[in-house]
Amino acid sequence: QVQLVESGGGLVQAGGSLRLSCAASGRTESTYSMGWFRQIPGKERQFVAGISGLSGTTIYGHSVKGRFTISRDNAKNTEYLQMNSLKPEDTAVYYCAAKYGAVRALKVEYDYWGQGTQVTVSS
């Protein structure tokens with residue numbers, strides 16, 4: 001089992017920045033791929049970004065490419081999501097997730113999930 005805990009959410013003005021963190025514990029392995037998803041009420045959970053365990057390969061959702069950066073520190077079992085140039089449409093609950101194997105954008109492939117952290121971007 002892997003436990004994931006997100007932090008760093010909050011309220012920010014449009015154009016501002018936030019950095020989310022996700023601390024992993026339990027059976028953590030550097031071979032896990034990690035991802036970030038977001039969800040607003042009544043909508044499907046949307047892929048934001050992912051990073052592979054060993055190679056550090058990253059993938060991004062179309063709406064955040066060029067503004068968000070995912071990274072990880074395997075020594076600290078922590079992944080990060082640096083969010084710049086935030087827009088009101090980025091407002092959502094952001095979830096950290098982990099999966100075995102290669103990084104993917106499909107939420108059904110992720111085995112472990114955090115509880116989420118709220119990000120609110122005001123206009």
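The values are calculated or read from the model by the stated rules, or taken from the named source; none is laboratory data. Predicted, not measured: the structure shown is a model, and the values here were computed from it. Positions of Cβ are generated from backbone atoms using ideal geometry, with glycine treated the same way; all protein chains shown enter the neighbour counts. In case anyone asks, the SASA skips ligands and DNA or RNA and just uses the protein heavy atoms, side chains included. Shrake-Rupley method; radii C 1.70, N 1.55, O 1.52, S 1.80 Å.
Tabulated data
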| item | result |
| --- | --- |
| Matching entry among VAL103, VAL64, VAL121, VAL108 (being aliphatic (A, V, I, L, M) and within 17 Å of GLY8 (Cα to Cα)) | VAL121 |
| Selection within segment 55-75 - exposed (fewer than 12 other Cβ atoms within 10 Å of the Cβ) and within 15 Å of ALA98 (Cβ to Cβ) | ASP73 |
| Subset of segment 94-123 [in a loop (DSSP other than H, G, I, E, B) and loosely packed, with under 12 Cβ neighbours inside 10 Å] | LEU106, GLN115, SER123 |
| First in segment 24-47 and in contact (Cβ under 8 Å) with a residue 12 or more places away in the chain, second anywhere and among the hydroxyl-bearing types (Ser, Thr, Tyr) and open to solvent by 20 Å² or more (accessible area, probe 1.4 Å), Cβ under 6 Å, 6 or more apart | PHE37/TYR95 |
| Breaking point among (1) farther than 23 Å from GLN3 by Cβ; (2) modelled with pLDDT of 95 or more, for SER71 | (1) |
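Yes/no matrix, rows are residues, columns are (1) assigned to a strand (DSSP E or B); (2) open to solvent by 30 Å² or more (accessible area, probe 1.4 Å); (3) modelled with pLDDT of 95 or more; (4) touching a His at 6+ places or on another chain (Cβ under 6 Å):
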| residue | (1), (2), (3), (4) |
| --- | --- |
| VAL5 | yes, yes, yes, no |
| LEU11 | yes, yes, yes, no |
| GLY16 | no, no, yes, no |
| ARG19 | yes, yes, yes, no |
| CYS22 | yes, no, yes, no |
| TRP36 | yes, no, yes, no |
| ALA49 | yes, no, yes, no |
